[in-house]
Structures are given as C-alpha cells and as structure tokens.
Amino acid sequence: MLRYGMPAETHSRRGPLGADDVARIVREQLAEILELDIDSVTLDSRLREDLDADDYALIDLVEAVEAEIGERTIGLSLDDDDLSELRTVRDAVDCVVARLEARP
C-alpha cells in the first residue's frame, strides 16, 4: 500500500501564528519580491530607504502575506491604506500581528 505525504509546499503546521512566524513570512516574501538575500531583510530595515521597496512592492507584499497566511488563517485582510504607515519591516510585522489579533 502506497502512502503519500503532504506536498512540500503545503504547511504541515497549522494553528495560531505567532509574531516570529509572521516576521519570518514577511521577511521571506520581501526578500523574494525585492530579489534580496533574506539576511539583508532585518526587522529594522527601512522599507523604502534601505530595501528600495516602492508602493508596488508593498502591494505585492500585502498580497503575498495574505495568500501565505490565508492558507492557515481565515479572515486576514490588510488594507492598502496601512501601507502608507509602514516604515520598517517591523512595522509590517506589527501590522499583520495586529490584524490577526483583531480577527473575530
């Protein structure tokens, strides 16, 4: 009898996401979108000044984070208006964590 495991791209761990999980996801997505080494994307990195992220990159970030976290968490929605408030990677992480905590 053959048994098939979950595909590699499927998250094996389901459940509540902590701030560390959100930080990892945001950093990974930013690195991919901006074509940077993940080590250069730190929590204190300034999105526009240090990482050269423009508004389109931040919109891509929101969509990517919603998609990735949406696989585990129903009801996450980030407003495009929040983008103007984001200065650092930590701001982005804090925004996502706050939205997760505010869900019903």
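The values are calculated or read from the model by the stated rules, or taken from the named source; none is laboratory data. This structure is a prediction, so every number in the text was calculated from the model and none was measured. Neighbour counts run over all protein chains shown; Cβ positions are idealised from the backbone, glycine included.
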>> From the list Ala31, Ala92, Ala64, exactly one residue is of a type in the set (Gly, Ala, Ser) and surrounded by fewer than 17 Cβ atoms within 10 Å (Cβ to Cβ). Which is it?
In response: Ala31
> Can you find even one residue in the stretch 73-95 that is more than 12 Å from Val26 (Cα to Cα) and modelled with pLDDT of 90 or more?
Replying inline: yes
> Yes or no: Leu34 touching a Leu at 6+ places or on another chain (Cβ under 8 Å) and hydrophobic (A, V, I, L, M, F, W, C)?
Replying inline: yes
> Regarding Arg24, is this residue assigned to a loop (DSSP other than H, G, I, E, B), basic (Lys, Arg) and surrounded by fewer than 17 Cβ atoms within 10 Å (Cβ to Cβ)?
Replying inline: no
> Just checking, how many residues over the stretch 44-91 are of a type in the set (D, E, K, R), in contact with an Asp or Glu (Cβ under 8 Å, 6 or more places away or on another chain) and either assigned to a helix (DSSP H, G or I) or under 14 Å from Ala23 (Cα atoms) (or both)?
Replying inline: 3
>> Please count how many residues of the stretch 53-73 are in contact (Cβ under 8 Å) with a residue 40 or more places away in the chain and either closer than 16 Å to Thr88 by Cβ or more than 10 Å from the chain's Cα centre (by Cα) (or both).
In response: 4
>> Looking only at the stretch 1-56, how many residues end up being modelled with pLDDT of 70 or more and basic (Lys, Arg)?
In response: 4
